[in-house]
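The structure appears below as structure tokens.
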Amino acid sequence: MTDKTLTVVLQEWAKVFMRRSMREFKRTMDESGLSLTQITTLMRLHHGGTCRLSTLSDHLGVSRAATSQMTDRLVNMGLLERTENPTDRRAKQLTLTPKGETVIRRSIDARRKWMEDLTRMLDDEQKAVIIAALKTLTEAAEKLEEKESR
């Protein structure tokens with residue numbers, strides 16, 4: 001098998017996976033009435049934990065003023081909590097509330113269910129081959145990321 005063939009197969013899988021993932025993302029947006037940036041914010045806090053407004057602004061690639069306005073709306077909706085940073089009272093920390101966590105958990109659970117349904121379509125031999133291949137691919141991707149971050 002050539003590198004080009006593997007690249008094409010990976011692109012096809014990524015296309016299917018991303019289409020499904022984005023469908024769930026869109027469904028979450030529609031059900032919650034939140035924008036893409038707002039959902040991204042909730043996801044960032046879910047996966048990365050509490051962070052400062054400036055960190056979130058950098059992550060989103062938008063101004064601190066725009067991030068502040070957006071987080072105000074999320075706080076008013078009960079999805080985020082803004083508290084003082086214990087080491088710097090001027091800095092504010094953002095944390096997901098239980099309500100915010102519920103919004104994100106539904107999206108994650110929908111994606112997980114799809115993956116569980118998908119894996120049930122495979123026999124044990126296919127699963128073993130895919131597990132081995134994905135472990136190898138993940139290791140290679142991590143090495144590439146390490147190399148690129150130097």
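No value in this document is a laboratory result; all are computed from the given coordinates. Note that the structure is predicted; figures quoted are calculated from it, not measured. Backbone-built Cβ (ideal geometry, glycine too); neighbour counts: all protein chains shown.
Brief remarks on what is shown
- Against the main long axis of the alpha-carbon atoms of the chain, helix 64-76 sits at an angle near 90°.
- Within the stretch 78-131, the ratio Rg/Rh, alpha carbon atoms throughout and Rh by Kirkwood, equals 1.36.
- Sorted peptide list for 142-148, 25-31, 60-66, criterion being average Cβ within 10 angstrom, highest first: 25-31, 60-66, 142-148
- Range of Cα positions in the stretch 1-50 per principal axis (Å), largest first: 44, 25, 12
- Asp124 paired with Lys99, simple spin-label distance in nm, labels 7 Å along Cα-to-beta-carbon: 4.9
- Set Lys99/Lys147; Lys4/Lys127; Lys92/Lys113; Lys92/Lys135; Lys99/Lys143 screened for pairs whose C-alpha atoms are more than 31 Å apart: Lys99/Lys147; Lys92/Lys113; Lys92/Lys135; Lys99/Lys143
- More than 16 Å apart - percent of Cα-Cα pairs taken over the stretch 21-94: 48
- For the stretch 3-149, diffusion coefficient by Stokes-Einstein and Kirkwood Rh (Cα), 25 °C, 0.890 mPa s, µm²/s: 137
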